[in-house]
Amino acid sequence: MATKSTISEVSNHVGQEVTIGSWVNNKRSSGKIQFLQLRDGTGYIQAVVVKSEVSEEAWEAAKSLTQESSLYITGLVREEARSQSGFELTVTGIEIIQVAVDYPITPKEHGVDYLMDHRHLWIRSPRQRAVLIIRAQIIRAVQKFFDDRGFRLVDPPILTPSSCEGTTELFHTKYFDEDAFLTQSGQLYMEAAAMALGKVYSFGPTFRAEKSKTRRHLIEFWMIEPEMAFTDLEESLVVQEQFVSYVIQYVVANCRKELETLERDIPKLEAIQAPFPRITYDEAIVFLNENGFEIPWGEDFGAPHETAIAEKYEKPVFITHYPTKIKAFYMKPDPNRPEVVLCADMIAPEGYGEIIGGSQRIDDPELMEERFKEHELSTDAYQWYMDLRKYGTVPHAGFGLGLERTVAWICGLDHVRETIPFPRLLNRLYP
């Protein structure tokens, strides 16, 4: 009886007969030989059906197979240097599970809307599979980086009574008789966790109700949000650049085949090593105004501004010390210059924009109270957050990395819609 195997494990069965549950990715025939390109989720392999070496029933079964038909295929594993996997299957038997009829995604070109309507099937394609494998490896790298450095994983709530940043672009729902919102960030809760555990991080879904259609925005996306007690901005920046470098090099080491499938410029990724360059907001304003942009001091940067700055560097670049008025209420002002805050955005190269935003947090209870009044925040909703400054306040800092933008950059994708299995966009809630 043949050994059951996956495609990724056939190297352990050279010269042996195995049975693999698979789908037909493609097929071609050459007279008395049929070539089946098969996939099983773990990889791809070519199965060769020779008419003179199989039963008439098996030959006819192979002829009836169509794109995405499902089957159990049995055959002898042999090494094949010309194959992408390095192995090939000489078929001895076929058991059809289902012959797929009129599979809607054919090798011809399809429009993006059509592919998004069939996203549940599109993710079977080699490129989409490569993206999802890389995403999974990024998640593994993130957790390994923080776990190995003494951070504790903490899960903040998804339902919250108020906005994290004082914005109104949130999804509202009823929580029995109260108003509640889908979270836009777990940061405030992570600050509380840091006061209990020292170094923490969260990894979960967040939601923004802004009506944005850009290639960098999703409605539902995943954030990694570390928070560190007894830490200042400078120390946080070092963690950030080490973190991003680690994730990139982990993917390069473990996903070379997938990066090649995506035709990614791997040497560009290999060059991403800490430390990263840093410029201040003031320096960025001067640079932009000297290079064709008219932007006054005090205005936030948009995608064209970030791209222009990033083009100067081959690595991510930090932009630090933004004006206080354009940043969140909890960011600590520079003691030497209170009109700017101790913060930084990390801008990825190649036009991928901001992937990290972070800051040192206000730890002075009186200053935090002033900020509450300035931003007209509800003291009732945030009393617990004020308590963090009232009972054992300490300097602390943290940041948030957007998973999907990071996936887009590492994979070299044009749009974040391909970075998540089932994207939620302004006009898309299906499938």
- Output the residue which, of all residues in the range 348-397 that are surrounded by fewer than 17 Cβ atoms within 10 Å (Cβ to Cβ) and on the phi > 0 side of the Ramachandran plot, is modelled with the highest pLDDT. GLY392
- Query: Which residues, counting only those in the range 408-430, are of a type in the set (Val, Ile, Thr) and either assigned to a helix (DSSP H, G or I) or within 13 Å of ASP113 (Cα to Cα) (or both)?
  - Reply: ILE410, VAL416
- Item | the range 233-251, residues that are over 16 Å from the mean Cα position of the chain (by Cα) and surrounded by fewer than 17 Cβ atoms within 10 Å (Cβ to Cβ) | GLU234, GLU235, VAL238, GLN242
- Note on the structure: When the range 338-358 is checked residue by residue, the ones that are in contact with a Lys or Arg (Cβ under 8 Å, 6 or more places away or on another chain), among the small types (Gly, Ala, Ser) and over 13 Å from ILE326 (Cα atoms) are ALA348, GLY353
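Could you say which residue among VAL48, VAL112 is out of contact with any helix residue (DSSP H, G or I) (no Cβ under 7 Å at 6 or more places or on another chain) and either surrounded by 15 or more Cβ atoms within 10 Å (Cβ to Cβ) or small (Gly, Ala, Ser) (or both)?
Values: VAL112 fails: either surrounded by 15 or more Cβ atoms within 10 Å (Cβ to Cβ) or small (Gly, Ala, Ser) (or both).
Answer to the selection: VAL48.
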- Message: I'm trying to understand the selection: among the residues of the range 273-314, which are out of contact with any Lys or Arg (no Cβ under 6 Å at 6 or more places or on another chain), crowded, with 19+ Cβ neighbours inside 10 Å and over 21 Å from VAL340 (Cα atoms)?
- Response: ALA310
- Item | Verdict on VAL341 being buried (at least 22 other Cβ atoms within 10 Å of the Cβ) and either touching a residue at least 60 places away in the same chain (Cβ under 8 Å) or not assigned by TED's automatic domain parsing to the domain that holds TRP297 (or both) | no
- Note on the structure: ALA194 passes all but one of the listed conditions (1) among the hydrophobic types (A, V, I, L, M, F, W, C); (2) surrounded by fewer than 19 Cβ atoms within 10 Å (Cβ to Cβ); (3) part of a helix (DSSP H, G or I); the exception is number (2)
- Query: If only one of PHE221, PHE230 is out of contact with any Phe, Trp or Tyr (no Cβ under 7 Å at 6 or more places or on another chain), crowded, with 19+ Cβ neighbours inside 10 Å and aromatic (Phe, Trp, Tyr), which one is it?
  - Reply: PHE221
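Give the number of residues within the range 336-370 that are farther than 26 Å from ALA274 by Cβ and among the charged types (D, E, K, R). Give the derivation first.
Kept after step one, since they are farther than 26 Å from ALA274 by Cβ, are these residues of the range 336-370: 336-339, 362-370.
Filter once more, keeping what is among the charged types (D, E, K, R): 337, 339, 363-364, 366, 369-370.
So the answer is 7.
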- Looking at the range 297-399, what strands (runs of 3 or more DSSP E) fall wholly within it and have at least 3 residues that are farther than 26 Å from PHE181 by Cα? 317-320, 337-341, 343-348
- Do the conditions hold for SER83, that is, is it exposed (fewer than 15 other Cβ atoms within 10 Å of the Cβ), out of contact with any Phe, Trp or Tyr (no Cβ under 8 Å at 6 or more places or on another chain) and not in a loop (DSSP other than H, G, I, E, B)? no
- Message: Would you confirm whether or not the range 252-261 contains a residue that is surrounded by fewer than 20 Cβ atoms within 10 Å (Cβ to Cβ), touching a residue at least 60 places away in the same chain (Cβ under 8 Å), on the phi < 0 side of the Ramachandran plot and in a loop (DSSP other than H, G, I, E, B)?
- Response: no
- Query: Do you know which residues across the range 223-239 are under 20 Å from ILE138 (Cβ atoms), touching a strand residue (DSSP E or B) at 6+ places or on another chain (Cβ under 6 Å) and in a helix (DSSP H, G or I)?
  - Reply: none
- Message: Between ASP177, ASP265, ASP232, which is farther than 21 Å from ALA303 by Cβ and without any contact (Cβ under 8 Å) to a residue 40 or more places away in the chain?
- Response: ASP177
- Item | Leading residue by the ranking (nearest to the chain's Cα centre (by Cα)) among those in the range 5-56 that are assigned to a loop (DSSP other than H, G, I, E, B) and closer than 13 Å to ARG78 by Cα | VAL14
- Message: Cβ-Cβ distance below 6 Å, separation of 6 or more or different chains: which pairs start in the range 313-326 with a residue that is in the same structural domain as ARG405 (by TED's automatic domain parsing) and end on one that is among the acidic types (Asp, Glu)?
- Response: ILE319/ASP345; THR324/GLU339; ILE326/ASP300
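In the range 282-299, how many residues are on the phi < 0 side of the Ramachandran plot, touching a helix residue (DSSP H, G or I) at 6+ places or on another chain (Cβ under 9 Å) and not hydrophobic (A, V, I, L, M, F, W, C)?
Here the count works out to 4.
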- Report, ordered by the first and then the second residue, all pairs with beta carbons closer than 6 Å, sequence separation of six or more or different chains, a first member in the range 97-116 that is of a type in the set (S, T, N, Q) and at pLDDT 95 or above, and a second member that is surrounded by 10 or more Cβ atoms within 10 Å (Cβ to Cβ) and part of a strand (DSSP E or B). GLN98/SER70
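The values are calculated or read from the model by the stated rules, or taken from the named source; none is laboratory data. The structure presented is a predicted model; accordingly, all values stated were derived computationally and were not measured. Positions of Cβ are generated from backbone atoms using ideal geometry, with glycine treated the same way; all protein chains shown enter the neighbour counts.
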